[in-house]
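Values in this text are rule-based calculations from the coordinates and carry no lab data. Since this is a predicted model, take the numbers as computed values, not measurements. Here the Cβ positions follow ideal geometry from the backbone for every residue, glycine too, while neighbour counts run over all protein chains shown.
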Amino acid sequence: MTRAPATALGIPSASSGALRPAILVVDDVEGNLIAMDALLADLECDVVLARSGNQALRLMLKRECAVALLDVQMPEMDGFEVARHARQNPTTRDVPLLFLTATHDSDEGVLRGYGSGAVDFLFKPIDSIILRSKVRVFLDLYRTRSEIAAQKRALESAYQELKATQSQLVQSAKMASLGELVAGMAQGRTSTDQTSCFLNLTGIGLQFTAAGAALYRKAREAGRGRELPTEWFTEDVLP
């Protein structure tokens, strides 16, 4: 099975699939990054590598990650501080953080990790079977969330289309009823007051354009048709 190569040190690979889930690996030791990439080699994902906490935070802002594998012991900004900053940012606060550590195996260290936002711990030396199993779980969760989000967007789009169609149907029904009223008025079966009442109730704004006004004048000159209210005509074509 072939896969897109790891995104070395946060630089996107030309062959990386844009829609593939991403795994962020954060470690200040180059050898550890290479080893982690090798362990995740056959998973259907893009591996994004970061050498520092600051770089990790920047990368999480640029690309959504299914999970971040975060080394605890790093210079300048350790894993706990990275987790704290990630949880404070709305864009990155939901990224699952899995801590990798060789020293914080005490209850106090583990509690501090969970308190800073970690969802799980793995202790070095890393067991490859456990690591891959946990990563697969996060990848599956990410894909499920993505599918649900896509379905939600599709439903919202269908709902908006349905509302627009319903609005058009209602408007068509109103105009059909209006046509019957106007026809009845021309034949003496409907009064202008009844038509005005209908327009007010349905919210239909009726104004005759120049063409409609011309036809009206011809009907009046021939002695047919009722006199219509002036507000039914635009100002430039008042009869």
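On full extension, the segment bounded by Arg132 and Arg20 gains 38.6 nm, given 0.36 nm per residue less the C-alpha separation.
The ranking of Val29, Val135 by Cβ neighbour count inside 10 Å, starting from the fewest, reads Val29, Val135. Shown here for the range 23-89: GluC sites (Glu not before Pro) in loop regions (DSSP other than H, G, I, E, B) with at most 10 other Cβ atoms within 10 Å, namely Glu76.
Compute the length gained on full extension between Arg143 and Ala102: take 0.36 nm times their separation in residues and subtract their Cα-Cα distance, giving the result in nm to one decimal. Don't skip to the answer; put the middle values down first.
Details: separation 41, 0.36 × 41 = 14.76 nm, distance 3.05 nm.
Extending this stretch completely gives an extra 11.7 nm.
Counted by neighbouring Cβ atoms within 10 Å, the residues Tyr142, Tyr159 run from fewest to most as Tyr159, Tyr142.
Note on Arg87 and Ala164: with the Förster distance fixed at 35 Å, the Cβ-Cβ geometry gives a FRET efficiency of about 0.30.
Each Lys or Arg adds one and each Asp or Glu subtracts one; over the other residues with Cβ under 15 Å from the Cβ of Val119, this totals +4. Relative to one another, the C-alpha centroids of the range 123-141 and the range 42-72 are positioned 15 Å apart.
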